[in-house]
């Protein structure tokens, strides 16, 4: 048997080994992080800390999705959001994570149908620059030209009766052609489509494509992880919305649904309680009132109705007056368009009625 002194020495040695292990793992994680563009976080150092600690130190290291899968959905989301600088960075990272040139090319074409032609044009230009920087062929090896089906299967014969040409595009080009191209598997296409639908707050598309993803071999855990991952690129309101919808799809399919506030993406609860409200909202650089004003403005501009309701209530609780919110809606409308302002005004009226408060003058 070991004497007391020997046991103490063994314990100290084990503690040192554990500490060394933590240091090695931590160093390994940070070593894998892509360096940020020079000066990217000079004006917002806390944002740089969030990037290092949460985005790359946590989310990208989670085992539920491979690095390749994460790169694919990140490229897709940045294309959809027209986030050119981030798109350039993540196209390069995708190539390093095993996404091929032809797969990148196909992601661009696929996402274009869900986020609009201008996003595809922009992404194609960025991809050309990334390929040139890496001395890769301008035309991706293995990329095939368009091959329209001669007798396309009509998947949605009753879709869009008021706009039959749109129905033809949906059936003959999107599903009978694009979804069947071999450059990406149905699983890959489903993953990037769920990601883009999440990022764009496109609720009906998220609902349909979560179900399609499950049918195409994407697991329930992978769907949840896609939503969690995308949240850091398109904002927490988009993740909360997609989590709610995914949980409804899981339930309809008889799949187990996690307990908690965000059953479609359970890890969001820890992130929101910790990073969002436990950390960011409590920083003293902005008052709670100012943070409410900023959050209300963003959720108006994003047409994020559910989150707007939450933050209108929170704003009133944090000392923002009804007159100030009314003025904020008008201000934001000039920068995000009248549909967002009309929606914000309607929801704010509901909140005021709910609280028995008079309408602003």
Estimated FRET transfer efficiency (residue 158, residue 331; beta-carbon r; R0 41 Å; 0.05): 0.45
Rg to Rh, two decimals, where the range 206-262 supplies the alpha carbon set and Rh follows Kirkwood: 0.94
Cα-based equivalent ellipsoid, the range 287-354: semi-axes from gyration tensor eigenvalues, Å: 16, 13, 10
Spin-label pair residue 67/residue 52, simplified geometry with 7 Å Cα→Cβ offset, distance in nm: 2.0 nm
Stokes-Einstein D in µm²/s, Kirkwood radius over Cα pairs - the chain at 4 °C with 1.567 mPa s viscosity: 56 µm²/s
Cα Rg, Dmax, the range 205-361, angstrom units: 17.3, 55
Order of 206, 230 - criterion: other Cβ atoms within 10 Å of each residue's Cβ, fewest first: 230, 206
Cβ-derived FRET efficiency at R0 45 Å, residue 82 paired with residue 355, nearest 0.05: 0.75
Whole-angstrom Cα spans of the range 174-231 along principal axes, big to small: 29, 21, 17
Among 36, 118, 157, residue whose mean-square fluctuation peaks in a GNM of the chain (springs only between Cα atoms under 10 Å): 157
Net length gained if the chain between residue 181 and residue 281 were fully extended (0.36 nm per residue, minus Cα distance): 31.4 nm
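Since every read-out is calculated from the coordinates, none of them should be taken as a lab result. Everything numeric here is computed off the predicted structure, so don't read it as measured data. Backbone-built Cβ (ideal geometry, glycine too); neighbour counts: all protein chains shown.
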